[in-house]
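Report on one structure; see the data block that follows.
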Amino acid sequence: MHDGAESGVAPGTASAGDSGPRPNRAPALEVRDLKKHFPVKKGLLQKTVGHVYAVDGVSFSIREGETLGLVGESGCGKSTVGRAILRLVEPTSGSIKVSGEEITGLSKQEMRPYRREMQIIFQDPFSSLDPRMSAGDIVGEPLKVHGAGNAKERRDRVAELFARVGLRQAQMDSFPHQFSGGQRQRIGIARALALNPKLIIGDEPVSALDVSIQAQVINLLMDLQQELGLGYLFISHNLAVVEHISHYIAVMYLGRIVEYADKRTLFTSPRHPYTEALLSAVPVPDPAIKRKKVVLEGDVPSPVKPPSGCHFHTRCPIAQARCKVESPVLRDVGGGQKVSCHFR
Ligand code: SF4
């Protein structure tokens, strides 16, 4: 079981990376000991023969105006965290609070107001946009579904959203295939903004884009955060991508958070050997700064049968006998940094 990883920065007062005093109000999102175990079924009778421990006790909070970067290799469970928060998959256990209100266990109907507050931007802007709908209809769809305004008011709101994300009003009647990848992601962002959410979950939102376009989309997201006080959960397999936008970073390995810190601390004083390995792959712009290259052996083990003790012991360059039998807790090592390792 892991302790909570909490972040705090006053909205609108800091650039990504500066931690500030915690405002005394409920976080936009508070996740406690979240678990999602998918049953593995086999045979004619579809008997449950095991579980995929996709998310296994994850805790964190996000305040309005701040970004938590959630990072880890493919298969570590980070996307499942995002989907469980939105109840796109049903959590196995744990608590999810949106603006202080518990949302686990709510019916579809009861979830409606919270769905307005939390939106998602997907990795592949092409497959997440209906090719038969015009861009304007795509952006206006959430307004229609939630019965917001009449047709004219919705059209005006869509035009406003187009301008806000850097698209031209004249493009409202074009179809997704008529846009570039970066523009399609702007449509996805406009759709996510339509209902004035407090929190946006970005599931690898720039991974499918060219590097130059990635920077434009990240800058747009940061501008929108400044302007609207949005909270972001920014999910990525790439630490370099989350570096610019995040105030805080949580590193996940096999369903658990293994390190959590504000961005500067994580990049300058990482403690967990897994974080060190991920960081060693991030290019450093200053040639005077040298990072020790850490190459991890093998792939992430299967979440169906995670290794005993510390899940990372099969790949850890400093593992000792104790690591195979004893699971480390995520403990505070000072300054808000939390690490799950017996020796760090
Ligand atoms: Fe490595 Fe052991 Fe620390 Fe796990 S607990 S990260 S295996 S040293």
Net charge over other residues, Cβ less than 11 angstrom from the Cβ of Gln337 (K, R count +1; D, E count -1): +2
Solvent-accessible area per residue, Å², over the range 294-344 with all protein chains present [probe radius 1.4 Å]: 55 Å²
Placed amide H near Leu29: partners under 5 Å, 5+ positions off or other chain: Ile62, Ser99
Crossing angle, helix 181-193 versus the chain [Cα axis fit, 0-90 degrees, rounded to tens]: 80 degrees
5 angstrom amide H check on Thr67, placed H, neighbours 5+ away: Tyr232, His247, Tyr248
Carbon + sulfur, % of accessible area of the range 29-145 - ligands and nucleic acids excluded, 1.4 Å: 52 percent
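Would you mind getting me the FRET efficiency between Val211 and Arg331? Use the beta-carbon distance for r and R0 = 30 Å, nearest 0.05.
Working: r = 37 Å, r/R0 = 1.22.
Result of the calculation: an efficiency of 0.25.
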Residues with amide H under 5 Å from that of Ile120, placed H, sequence gap 5 or more: Ile201
Using θ = phi - 60° and Karplus 6.51 cos²θ - 1.76 cosθ + 1.60, couplings along the range 253-264 (whole Hz; Gly, Pro as x): 9, 6, x, 10, 7, 9, 8, 9, 6, 5, 4, 4
Nearest 10 degrees, 0 to 90: helix 151-164 Cα axis against the chain principal axis: 50 degrees
Heavy-atom accessible area ranking, 1.4 Å probe, most first, across Phe38, Phe162: Phe38, Phe162
Among 268-274, 177-183, 251-257, the order from most to least packed when residues are scored by Cβ within 10 Å on average: 251-257, 268-274, 177-183
Asn238 versus Val304: modelled label distance in nm, points set 7 Å from Cα along the beta carbon direction: 3.1 nm
Debye log10 I(q)/I(0) at q = 0.08, 0.11, 0.14 Å⁻¹ for the chain, Cα point scatterers: -0.40, -0.75, -1.17
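Using a 1.4 Å probe on the protein heavy atoms, what percent of the accessible area of the range 185-344 belongs to carbon and sulfur?
Summing carbon and sulfur atoms, their accessible area is 53 percent of the total for the range 185-344.
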Ellipticity estimate at 222 nm from DSSP helix runs (n ≥ 4, -39,500 (n - 2.57)) divided over the chain, nearest 500: -8500 deg cm²/dmol
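The values are calculated or read from the model by the stated rules, or taken from the named source; none is laboratory data. Everything quoted here is computed from the prediction, not taken from an experiment. Reconstructed Cβ throughout: ideal geometry from the backbone, glycine too, with neighbour counts over all protein chains shown. For accessibility, only protein heavy atoms count, side chains too; no ligands or nucleic acids. Shrake-Rupley method; radii C 1.70, N 1.55, O 1.52, S 1.80 Å.
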